[in-house]
1. Of everything in the range 130-174, what is assigned to a strand (DSSP E or B), in contact (Cβ under 8 Å) with a residue 40 or more places away in the chain and of a type outside the set (S, T, N, Q)? Give them in sequence order.
2. For the range 41-62, state whether one or more residues are surrounded by 18 or more Cβ atoms within 10 Å (Cβ to Cβ), of a type in the set (D, E, K, R) and not assigned by TED's automatic domain parsing to the domain that holds ASN171.
3. Here are THR73, THR157, THR168: which of them is surrounded by 13 or more Cβ atoms within 10 Å (Cβ to Cβ) and at pLDDT below 95?
Amino acid sequence: MTTRHIALLRGVNVGGRRRISAVRQRELAEALGYTDVRVHLQTGNIVLSASDEHTPARVAQELTAAIEAELGTAVPVVMRTPEELSAELAANPYPEAVARPASLHCLFLSAAPPGPAPLADLDASADAPDSFRLLGRTVYLHCPGGIGRSRLASRVTRTVERAGVVATARNWNTATRLLSLAQG
């Protein structure tokens, strides 16, 4: 029996750093014995099947080691199962933003931040109309002017990472496409 996994690589092919093609990402995953491997875009979105004894943590560990051997640098991997991603998308606290998916991003976390403290102290009102909401292991970012111009998005990311949590962002279209690939 096999289980589907969604691996989200942090910081791959962004700003000319940590360059690894989609083809090479697929080859590395297949070399580890994973099957039905699909890579969406070049920015580190891998959907794969693994035997049931491969937990998400084990898949992340194996992919991290393979990519580090390839690139010579560590690339954190945040994992989701299709069920987890489906629940996260359904919990979207900004349903009105779905009509403008470029304004809505999910910051996927490797773990829930330790207690509410890391993000509770952020004053999002200073960055209005940008806003965020933490639910479990996902921070939803609504940035009507785009995430590239959002000071709030970078402050949220730095804050959770200072708390020892790996974070990687995907826009709404990418997140929904990954779920479709994982379920299809």
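1. Residues of the range 130-174 that are assigned to a strand (DSSP E or B), as a first pass: 131-135, 138-142, 167-171.
Within this subset, residues satisfying the condition of being in contact (Cβ under 8 Å) with a residue 40 or more places away in the chain are 133, 135, 138, 140, 142, 167-171.
Those that are assigned to a strand (DSSP E or B), in contact (Cβ under 8 Å) with a residue 40 or more places away in the chain and of a type outside the set (S, T, N, Q): ARG133, LEU135, TYR140, HIS142, ALA167, ALA169, ARG170.
2. Checked against the condition, which is being surrounded by 18 or more Cβ atoms within 10 Å (Cβ to Cβ), of a type in the set (D, E, K, R) and not assigned by TED's automatic domain parsing to the domain that holds ASN171, the range 41-62 yields at least one hit.
3. Numbers: THR73 fails: surrounded by 13 or more Cβ atoms within 10 Å (Cβ to Cβ); THR168 fails: at pLDDT below 95.
Of THR73, THR157, THR168, the one residue that is surrounded by 13 or more Cβ atoms within 10 Å (Cβ to Cβ) and at pLDDT below 95 is THR157.
The values are calculated or read from the model by the stated rules, or taken from the named source; none is laboratory data. Keep in mind that what you see is a predicted model, and the values were worked out from it rather than measured. A quick note on method: Cβ atoms are made from the backbone with ideal geometry, for glycine too, and the neighbour counts reach across all protein chains shown.
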